[in-house]
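These notes concern the structure reproduced below.
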Amino acid sequence: MTDYGRPIRFGYFLTPVADPARPLELAQLADQVGLDCVGVQDHPYQRRFHDTWTLMTAIAMKTERISVFPDVANLPLRPPAMLAKAAASLDLLSGGRFELGLGAGGFWDAIAAMGGSRRTPGESIRALGEAIEVIRMLWSDAPVARFKGEFYQLAGVKPGPQPAHPIGIWLGVYKPRSLALVGRSGDGWVPSLGYFKLEDLAAGSALIDEAARAAGRDPAAIQRVLNVPPGISPQVLAGLALEHGMDTFVFSEGEEPETQLRYLAADVIPRTVELVAAGRAASG
């Protein structure tokens, strides 16, 4: 049982579908009813999808308080130097309301069809680790950034702009080597309950914690963001927080999203917060 004691937050998962106004409207409603964040999936090779980054920018400009993040950005199709520039720019435009969800890649046939590099599992993890280094170098106040990696290089580029706030890099990963990377280098972990079963979360968190401690980091500083199905109950959510250390829950879109968002805000979220507070009080 692991509860890191972090504040419990709630978000909504958006798909950049053919009608670009639809996810924008849902993001505005999520903002209005009090959710904390919206995540936008990033599969550029899907012909029905609009560009995730363009949609996130529109969301940031049309909302007031909610934060936005790619859930998660497709690294093989988005070079890290440009990700760093785009992320910092959007964070500045939104007044510090952006976080960077980042994935190593999947669906390799589709990625290769769009011109991206096809990578083995080991290569994709190494590339992800390099990308984190590159991105942070380009957010720094160093006068010049140089990096010579297996996959990415910087040859004396001048970093900037710096973000409005310390952007978190949240990794959407599942395998042991990539979970260790979260512990060593990530600011957060973004699994999906559909890909990870409940019983896998404890093992995944344990691997992250072990790697964090080995790197001299506090495991509690790593945010745990979980994509969850629309009908999940407050009791299950509270258990995920109290027993597995999850602190942010991003709900998938239901059949009637407007009704769902209002119900989440009026019922599911306050009940979950109440159950977590009671559980923490009972445990001392």
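A compact table of results
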| item | result |
| --- | --- |
| Residue in the stretch 202-211 that is among the hydroxyl-bearing types (Ser, Thr, Tyr) and touching a helix residue (DSSP H, G or I) at 6+ places or on another chain (Cβ under 9 Å) present | yes |
| Cross-chain or 6+ apart pairs with Cβ under 7 Å, the stretch 11-36 first and under 23 Å from residue 190 (Cα atoms) and modelled with pLDDT of 95 or more, then in a loop (DSSP other than H, G, I, E, B) and of a type in the set (Lys, Arg) | 31/65 |
| Residues of the stretch 209-236 classified as open to solvent by 10 Å² or more (accessible area, probe 1.4 Å) and among the basic types (Lys, Arg), total | 2 |
| Answer residue from the stretch 16-31, given it is in a loop (DSSP other than H, G, I, E, B) and in contact with a Ser or Thr (Cβ under 9 Å, 6 or more places away or on another chain) and is surrounded by the most Cβ atoms within 10 Å (Cβ to Cβ) among those | 16 |
| Selected residue (criterion: modelled with the lowest pLDDT) from residues of the stretch 108-138 that are over 21 Å from residue 180 (Cα atoms) and outside any helix (DSSP H, G or I) | 117 |
| Any hit, the stretch 186-194, residues being farther than 26 Å from residue 130 by Cα, open to solvent by 60 Å² or more (accessible area, probe 1.4 Å) and at pLDDT below 95 | yes |
| Count of the stretch 64-86 residues which are assigned to a loop (DSSP other than H, G, I, E, B), touching a strand residue (DSSP E or B) at 6+ places or on another chain (Cβ under 8 Å) and open to solvent by 10 Å² or more (accessible area, probe 1.4 Å) | 2 |
| In the stretch 1-57, the residues that are aromatic (Phe, Trp, Tyr) and within 13 Å of residue 68 (Cα to Cα) | 10, 12, 13, 53 |
| Residues of the stretch 140-159 classified as part of a strand (DSSP E or B), open to solvent by less than 40 Å² (accessible area, probe 1.4 Å) and closer than 12 Å to residue 81 by Cβ, total | 3 |
| Qualifying positions in the stretch 92-145 - within 25 Å of residue 159 (Cα to Cα) and in contact (Cβ under 8 Å) with a residue 60 or more places away in the chain | 92, 94, 95, 96, 98, 99, 100, 101, 102, 103, 104 |
| Selected residue [open to solvent by 20 Å² or more (accessible area, probe 1.4 Å), in contact with a Phe, Trp or Tyr (Cβ under 9 Å, 6 or more places away or on another chain), over 25 Å from residue 15 (Cα atoms) and aliphatic (A, V, I, L, M)] from 114, 137 | 137 |
| Selection status of residue 170, aromatic (Phe, Trp, Tyr), buried (at least 21 other Cβ atoms within 10 Å of the Cβ) and touching a residue at least 60 places away in the same chain (Cβ under 8 Å) | yes |
| Number of the exception - residue 212 against (1) under 20 Å from residue 105 (Cβ atoms); (2) of a type in the set (A, V, I, L, M); (3) without any contact (Cβ under 8 Å) to a residue 60 or more places away in the chain | (1) |
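One line per residue, one yes/no per condition, for (1) at pLDDT 95 or above; (2) part of a helix (DSSP H, G or I); (3) surrounded by fewer than 22 Cβ atoms within 10 Å (Cβ to Cβ); (4) among the aliphatic types (A, V, I, L, M):
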{"position": "161", "(1), (2), (3), (4)": "yes, no, yes, no"}
{"position": "166", "(1), (2), (3), (4)": "yes, no, yes, no"}
{"position": "177", "(1), (2), (3), (4)": "yes, yes, yes, no"}
{"position": "200", "(1), (2), (3), (4)": "no, yes, yes, no"}
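Residue-by-condition table, conditions (1) among the polar types (S, T, N, Q); (2) crowded, with 16+ Cβ neighbours inside 10 Å; (3) touching a strand residue (DSSP E or B) at 6+ places or on another chain (Cβ under 9 Å); (4) not in a helix (DSSP H, G or I):
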site: 35; (1), (2), (3), (4): no, yes, yes, yes
site: 44; (1), (2), (3), (4): no, yes, yes, yes
site: 49; (1), (2), (3), (4): no, yes, no, yes
site: 59; (1), (2), (3), (4): no, yes, yes, no
site: 88; (1), (2), (3), (4): no, yes, yes, no
site: 96; (1), (2), (3), (4): no, no, yes, yes
site: 101; (1), (2), (3), (4): no, yes, yes, yes
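The values are calculated or read from the model by the stated rules, or taken from the named source; none is laboratory data. Small disclaimer: the values here were computed from a predicted structure and weren't measured. No Cβ is skipped: glycine too gets one built from the backbone with ideal geometry, and neighbour counts run over all protein chains shown. With ligands, DNA and RNA removed, areas are computed over all heavy atoms of the protein, side chains included. Shrake-Rupley method; radii C 1.70, N 1.55, O 1.52, S 1.80 Å.
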